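What follows is one structure encoded as structure tokens, with my remarks underneath.
The values are calculated or read from the model by the stated rules, or taken from the named source; none is laboratory data. Since the model is a prediction, treat every value here as computed from it, not as a measurement. Methodologically, a virtual Cβ is constructed for each residue, glycine included, from the backbone with ideal geometry; neighbour enumeration extends over all protein chains shown. Ligands, DNA and RNA are excluded from the accessible area calculation, which covers all protein heavy atoms including side chains. Shrake-Rupley method; radii C 1.70, N 1.55, O 1.52, S 1.80 Å.
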Amino acid sequence: MNRIIPIASDHGGFEMKQFLIGKLEETGYEVVDFGTHSPDSIDYPDVIHPLATAIERGEYPLGIILCGSGNGAQMTANHHHGVRAALCWNVEIARLARQHNDANILALPGRFVSNEMAWEMVEVFLNTGFEGGRHKKRIEKIEPKEN
Ligand code: RB5
């Protein structure tokens, strides 16, 4: 079971990131914090690209990213080959992101869900497997074929 979790957020997700790091560590995970390291305003690609690159390289199987809406973080991560970042706002969406989409990054909207909801989504995301089967050929069609 994977116990090392990379996490990254801009200022819009900073407070929630700190909360999630505490919960992850309490639960026995080792956390790799890609920043940001203060509530000061930053540009989300500056912290999301490094985490997504690490996922793309296979350094970690799963990761967590946050920004205010979750969208900027998710859009940035999904530019990376092999990355499937899923914007999630409730537990069932987080579960389906793993079961049906084999999402490898959970993207959270730091300003639009509670810390408690975010932690529930993290627990489900980290503990749910991909169902494969009919979903496998679908995710294989997500990335356009190179010409
Ligand atoms: C920052 O104010 C905010 O724009 C950012 O966190 C995010 O929501 C962008 O998608």
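Carbon and sulfur together cover what percent of the accessible area of the chain at a 1.4 Å probe radius? Before the final figure, lay out each step's value.
Numbers: 3790 of 7560 Å².
Of all accessible area on the chain, carbon and sulfur atoms account for 50 percent.
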Roughly how much of Arg3 is accessible, in Å² to the nearest 10, using a 1.4 Å probe? 80
GNM, the chain, Cα, under 10 Å: largest mean-square fluctuation among Gly70, Gly58, Gly133? Gly133
Expected unfolding gain across Lys145-Met75 under the 0.36 nm per residue rule, minus the alpha-carbon gap, is 23.2 nm
Loop only by DSSP, 13 or fewer other Cβ within 10 Å of the Cβ. Give me the GluC sites (Glu not before Pro) in the range 9-59 that pass, ordered by residue number. Glu59
Correct semi-axes for the chain, from √(5λ) of the alpha-carbon gyration tensor and rounded to whole Å with the largest first, are 23, 17, 14
Please calculate how many Å² of accessible area the range 6-147 carries per residue, with a 1.4 Å probe and no DNA, RNA or ligand atoms counted. 51
GNM on the chain, C-alpha springs below 10 Å: top fluctuator among Thr128, Thr27, Thr76? Thr27
Select from the range 42-101 those trypsin sites (Lys or Arg not before Pro) which occupy a DSSP coil region and have at most 15 other Cβ atoms within 10 Å, ordered by residue number. Arg57
Mind telling me which of Phe125, Phe34, Phe112 comes out most flexible in a GNM of the chain, alpha-carbon contacts under 10 Å? Phe112
